[in-house]
Amino acid sequence: MENGFHQIWVYLSTTPLLGLTVTLVAYQAGMWIYIRANLHPLLNPVLIAVVVLVGLLVVTGTDYRTYFDGAQFVHFMLGPATVALAVPLYQQFQKVRKSFVMILVAILAGSTTAALSAIGVAWVLGSSQETLLSLAPKSVTAPIAMGIAEATGGVPSLTAVLVILTGILGAVLGTWTLNALKIKDWRARGLAMGTASHGIGTARALQVNDVAGAFASLAMGLNGLATAVMLPLILGLIF
């Protein structure tokens, strides 16, 4: 039976749509669990999907390139999905305009803190310079983070993994952390989630509150811009 399953998988793995299909099924399964657990942050659907897909690839011995050949359509849709975040932002435009100065200060502080704290902790733990450069942009959305890593001497593939882990941790622990700090302003909560954990954290903020989701969307975009401009300058001074 096991040998038969392996042969079937080898045959199916040559089909380009297999990667897309298993990705969508894994995410939908994660979402089903997430909804029935009343949106419990520890059961984030992205986290569940990642665990399922990694386990499947390991068990079947499928390399990542083969999987990505079929799943790349999901990667392509990241662009339109990011643009679509402008909708909740537009709906909260008046609140955003009134908080413009606060937003700029928060984004600049958050962007700098995210990069320097990651570098500092990794340096204390003895990480190599290449790892430090790969880790620095981990709070920015993946395409921007990978571009920064490549330009500064990091490893883009490592940065991509760190970005995903950062987003998942932000989505899982962000609400608890903000509650523990007794931060009740939805604008501040949204800015924190979007700045610290990019798209995955923004998705979590949208599920919790519309205002938080709008501010998280704005924070994700502005943090990407701020990091792309400032981080190479900061790294140039450090290294």
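Close contacts from the range 62-86, counting a first residue that is exposed (fewer than 11 other Cβ atoms within 10 Å of the Cβ) and a second that is at pLDDT 70 or above and assigned to a helix (DSSP H, G or I), with Cβ to Cβ under 9 Å and a gap of 6+ residues or different chains, come to 63/57; 79/143.
Output the residue which, of all residues in the range 186-212 that are in contact with a Pro (Cβ under 8 Å, 6 or more places away or on another chain) and either closer than 21 Å to residue 30 by Cα or not assigned by TED's automatic domain parsing to the domain that holds residue 104 (or both), is surrounded by the fewest Cβ atoms within 10 Å (Cβ to Cβ).
Filtering the range 186-212 for residues that are in contact with a Pro (Cβ under 8 Å, 6 or more places away or on another chain) and either closer than 21 Å to residue 30 by Cα or not assigned by TED's automatic domain parsing to the domain that holds residue 104 (or both), the one surrounded by the fewest Cβ atoms within 10 Å (Cβ to Cβ) comes out as 206.
Out of curiosity, is residue 183 over 17 Å from residue 227 (Cβ atoms), surrounded by fewer than 17 Cβ atoms within 10 Å (Cβ to Cβ) and not polar (S, T, N, Q)? For residue 183, the condition - over 17 Å from residue 227 (Cβ atoms), surrounded by fewer than 17 Cβ atoms within 10 Å (Cβ to Cβ) and not polar (S, T, N, Q) - is met.
Listed here are the helices (runs of 4 or more DSSP H) enclosed by the range 25-125 that have at least 2 residues being within 19 Å of residue 169 (Cα to Cα): 45-60, 100-124. Checking the stated criteria, residue 200 turns out to be touching a residue at least 40 places away in the same chain (Cβ under 8 Å) and under 13 Å from residue 139 (Cβ atoms). Consider residue 212 carefully, then state whether it is part of a helix (DSSP H, G or I), farther than 28 Å from residue 48 by Cβ and either of a type in the set (A, V, I, L, M, F, W, C) or in contact (Cβ under 8 Å) with a residue 12 or more places away in the chain (or both). Spelling it out, it is not the case that residue 212 is part of a helix (DSSP H, G or I), farther than 28 Å from residue 48 by Cβ and either of a type in the set (A, V, I, L, M, F, W, C) or in contact (Cβ under 8 Å) with a residue 12 or more places away in the chain (or both). Among the residues of the range 126-140, the ones that are part of a helix (DSSP H, G or I) and buried (at least 20 other Cβ atoms within 10 Å of the Cβ) come to 4 in all.
Screening 174, 194 for residues that are free of Cβ contacts under 8 Å to residues at least 40 places away in the same chain and either outside any loop (DSSP other than H, G, I, E, B) or out of contact with any Phe, Trp or Tyr (no Cβ under 8 Å at 6 or more places or on another chain) (or both) leaves exactly one candidate, 194.
Scanning the range 125-167 for residues that are without any contact (Cβ under 8 Å) to a residue 24 or more places away in the chain and among the polar types (S, T, N, Q) gives 127, 128, 157.
For the range 141-171, what are the residues that are assigned to a helix (DSSP H, G or I) and either within 30 Å of residue 95 (Cα to Cα) or not assigned by TED's automatic domain parsing to the domain that holds residue 210 (or both)? Step through it out loud before you land on a result.
In the first step, residues of the range 141-171 are kept if they are assigned to a helix (DSSP H, G or I); the result is 142-152, 156-171.
Matches in the range 141-171: 142, 143, 144, 145, 163, 164, 166, 167, 168, 169, 170, 171.
The values are calculated or read from the model by the stated rules, or taken from the named source; none is laboratory data. Remember, it's a predicted structure, so these values are computed and weren't measured experimentally. No Cβ is skipped: glycine too gets one built from the backbone with ideal geometry, and neighbour counts run over all protein chains shown.
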